[in-house]
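K.L.:
Input: one structure, supplied below.
No lab work stands behind these numbers, since they all come straight from the coordinates. Computed from a prediction, not measured in an experiment: that's the story for all the values here. Here the Cβ positions follow ideal geometry from the backbone for every residue, glycine too, while neighbour counts run over all protein chains shown.
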Amino acid sequence: MKKREEYAENLKWNVTDIYKTEKDFTEAYTTLETNLEKYASYQGHILDNADTLLNFLTFDLDCAKNMEQLYVYAHMQNDQDTTNTKYQELFGKVSKLYEKYAVATSFAVPEILKKDYQIIASFIKENRKLKAYERMLKELFKYQKYTLSSKEEKVIASLCSAMSAPDDVFTMLTDADLKFGKIKDENGKLVELDEKTYRLLNKSKNRDIRKNAFTKLHTTYGKFKNTYAYLLGYLVKNDNNMAKLRGYPNALDASLYQNDIPREVYDNLITTVRQNIAPLSNYWLIKKEALGVDKLHLYDAYAPICENLNKKYSLAEAKDLIKEALNVLGPDYLKNLDKAFTERWIDFCPNDGKRNGAYCTACYNVHPYVLLSYDETLENVSTLIHELGHAMHYYYAIKNQNYQDYNYSIFVAEVASQVNQILLSKYLINHTNDIKEKKYLIDDLIQDFKATIYRQTMFADFEKQIHEYEEAGGVLTHEVMEGIYYQLNKDYFGQNIVVDKYIKHEWSRIPHFYSSFYVYQYATAYAAAIKIAMDILNGKANACQNYLKFLGLGCTKDPIESLKVAGVDMTDPKTMEEAFLYFKDLVEELRKLYEVGEK
């Protein structure tokens, strides 16, 4: 890999939009650090009168904006080259400042929630400038019965680092210390097996390679089953204890409550997916025939059913393709999307030391940023359009809302990104007559659905079961987790495919389990994205305009109501059922293409 300095500047994101010089960063850091000391002067006085409340909120949100800007700058600098000790130190410094910030502000919410909301309402009438904070204050009061005393909240804030220990240890063990050994690739070359190479090897055309990689990876995780069981079990215990401490019915309800999601959405997702295993089982039959095997195994699940397209897209070609695919979203969307390229919001460089994967981040005072390592493959074009979906969601929210109202719920966070990916796939399918290419593209959409709806819902089911088990007094040993996880694989994937015994260790390698009750939102967001994308493509009246309104809402509406603006009701079981009709159509279309190919 090239070093970062070897790449042209136009391939790098422009961090000077955040701070023009490191001196500016240092001054902002020092100013915020000094301002944190001023919080003490407000303690015990926030609700003295309307003017004091306004002064506090103005001061507090200014500090929050600056904290966000410092953090985004530091983590971006660190992520673009993780080997750079200067930026490692910078990120560590800002992380410590964030901890100080959390402690310094910990008194505020308990102090406000000691009073009745009617006092707030009277202050808003008295000073109309407080109207800008009304939604935020109302949102705050929904936590009144679950908020502890100032002293208790300060203790909890100071324990943030300790509470995140299971996740930190998991990351260090998995990414740094765990060694899986070497395995031969398709060229007969010995390669180091790890999570990165596994993603390539489990798509190999050579079945022995797929099987060996699957077995070796999961067997290695199995050797550390007690450690992983302790880490995840500790996290689950923390979740349940914290929910109990605050007075929530349970950890799942606590998580859902924070995002304004009715329990029925979570339960309906699991129920509906379990009732719709048949179309996935039909897909397994097509795959078995395509691969020419007697029995399909889990290590065959990601194998390509036809040759990779191997098309290469230069950055200019990728940009053109993305704009063509998203043309259905209208001129305003395309005009704003173009800024991401012309104003250098995107870091394309696959340089040595760069953080793996891709993401979008944003700070209110500037604009969104996207990180990826562009390699000219179609998969990378898909990743880019996905992250640009996040970027445009942030952009429209920042453009239309105040700071306190721009940051949308994680429940809707994956909707815009998935809409973009679906529109790209549908565009490519509709603009080729090559049967082989259509097979590849449709299979890719099927794989996305399988990974996002079936797999993430199975993860959500697992999380629910292990939390309930611990809450009922059970001890989460590796045997308990393996038993639950193996049975779930049989339930969700087990028809027309062999569920290999080694899959029982897979729970130990899933990082999202350390962000409890997060994964279900991938599935619900994907179902919402399917409806939005198909409504737009089918020319449904006002579908595009309503979608753009949704992008600009930020958190001014709760996530369920926000999606209703875009024409999606996640409390209605029909939404998930429509997603499965879409999936069934894809499977049927793939089956017909194979029949055409045989003729």
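K.L.:
In the stretch 1-100, which GluC sites (Glu not before Pro) fall in coil by DSSP and have 11 or fewer other Cβ atoms within 10 Å? Working shown, then result.
P.N.:
Working: sites: GLU5, GLU6, GLU9, GLU22, GLU27, GLU33, GLU37, GLU68, GLU89, GLU99; in loops: GLU37.
Of the GluC sites (Glu not before Pro), the ones in loops of the stretch 1-100 whose Cβ has at most 11 other Cβ atoms within 10 Å are GLU37.
K.L.:
To test your reading of the geometry: what angle, between 0 and 90 degrees and rounded to tens, separates the Cα axis of helix 520-537 from the longest principal axis of the chain?
P.N.:
Tilt relative to the chain: about 80 degrees.
K.L.:
Report Rg (one decimal) and Dmax (nearest whole number) for the chain, counting Cα atoms only, units Å.
P.N.:
25.0, 81
K.L.:
Quick one: P(r) of the stretch 4-163 from all Cα-Cα pairs, 5 Å bins, percents rounded to integers, in order of increasing distance.
P.N.:
1, 8, 15, 17, 16, 13, 11, 8, 6, 3, 2, 0, 0
K.L.:
Through the Karplus equation 6.51 cos²θ - 1.76 cosθ + 1.60, θ set to phi - 60°, convert the phi angles of the stretch 250-257 into ³J(HN,Hα) values in whole Hz; use x for Gly and Pro.
P.N.:
So the J values, rounded to whole Hz, are 6, 5, 5, 5, 4, 5, 5, 4.
K.L.:
Using only the alpha-carbon atoms, how far is helix 117-126 inclined from the longest principal axis of the chain? Give it as 0 to 90 degrees, nearest 10.
P.N.:
Long axis of 117-126 versus the principal axis of the chain: about 70 degrees.
K.L.:
Oh, and also: Between LYS182 and residues 5 or more places away or on another chain, which pairs have amide H atoms under 5 Å apart, with H built 1.01 Å from N, and which residues are they?
P.N.:
HN-HN under 5 Å from LYS182: LEU193.
K.L.:
Sticking with this structure for a sec: Grab the Cα-Cα distance for LYS549 and ASN127, subtract it from 0.36 nm times how many residues apart they are, and report the gain in nm with one decimal. Provide the component values of the computation, followed by the final result.
P.N.:
Working: separation 422, 0.36 × 422 = 151.92 nm, distance 2.97 nm.
That pair, LYS549 and ASN127, stretches by 148.9 nm at full extension.
K.L.:
Let me ask you something else. At a threshold of 8 angstrom on Cα-Cα distance, excluding pairs fewer than six apart, so keeping six or more, what relative contact order does the chain reach in percent? Display every interim value, and only then the final one.
P.N.:
Numbers: 736 pairs, mean separation 108.6, N = 599.
The normalised contact order for the chain reaches 18 percent.
K.L.:
Going down the table (LYS125/LYS574; LYS311/LYS450; LYS184/LYS426), which pairs top 31 Å between alpha carbons?
P.N.:
Numbers: LYS125/LYS574 43 Å; LYS311/LYS450 24 Å; LYS184/LYS426 36 Å.
Over 31 Å apart, Cα to Cα: LYS125/LYS574; LYS184/LYS426.
K.L.:
Right, next: How about the stretch 141-190: which GluC sites (Glu not before Pro) there are in a DSSP loop, with at most 16 other Cβ atoms within 10 Å of their Cβ?
P.N.:
Within the stretch 141-190, the qualifying GluC sites (Glu not before Pro) (loop, at most 16 other Cβ atoms within 10 Å) are GLU186.
K.L.:
Given the pairs LYS154/LYS237; LYS3/LYS211; LYS129/LYS244, which span a C-alpha to C-alpha distance of over 29 angstrom in this model?
P.N.:
Details: LYS154/LYS237 21 Å; LYS3/LYS211 35 Å; LYS129/LYS244 38 Å.
Going by Cα-Cα distance, LYS3/LYS211; LYS129/LYS244 fall outside the 29 Å limit.
K.L.:
Could I ask something else about it? Give the aspartates and glutamates whose C-alpha is closer than 12 Å to that of LYS182, dropping any in the same chain fewer than 8 places away, or say none.
P.N.:
Reachable aspartates and glutamates: GLU192, ASP194.
K.L.:
For the chain, find the longest principal axis of its Cα atoms and tell me its angle to the long axis of helix 573-598, 0 to 90°, nearest 10.
P.N.:
With both axes taken from Cα atoms, the answer is about 30 degrees.
K.L.:
Just want to confirm a number: the relative contact order over the stretch 4-163, from Cα pairs under 8 angstrom separated by 6+ residues, in percent. The partial results should precede the final answer.
P.N.:
Details: 100 pairs, mean separation 39.9, N = 160.
Relative contact order for the stretch 4-163 comes out at 25 percent.
K.L.:
For the stretch 129-282, just the Cα atoms, rotate onto the principal axes and tell me the three extents in Å, largest first.
P.N.:
That gives 68, 41, 35 Å along the principal axes, largest extent first.
K.L.:
What is the distance in Å between the Cα centres of the stretch 228-260 and the stretch 199-227?
P.N.:
31
K.L.:
Between LEU291 and GLU134, take the C-beta separation as r, use R0 = 51 Å, and let me know the FRET efficiency to the nearest 0.05. Mind showing how you got there, number by number?
P.N.:
Values: r = 59 Å, r/R0 = 1.15.
Calculated value: 0.30.
K.L.:
Kindly flag which residue pairs out of LYS2/LYS23; LYS196/LYS216; LYS96/LYS179; LYS335/LYS549 have an alpha-carbon separation exceeding 20 Å in this structure.
P.N.:
Working: LYS2/LYS23 28 Å; LYS196/LYS216 14 Å; LYS96/LYS179 31 Å; LYS335/LYS549 16 Å.
Exceeds cut-off: LYS2/LYS23; LYS96/LYS179.
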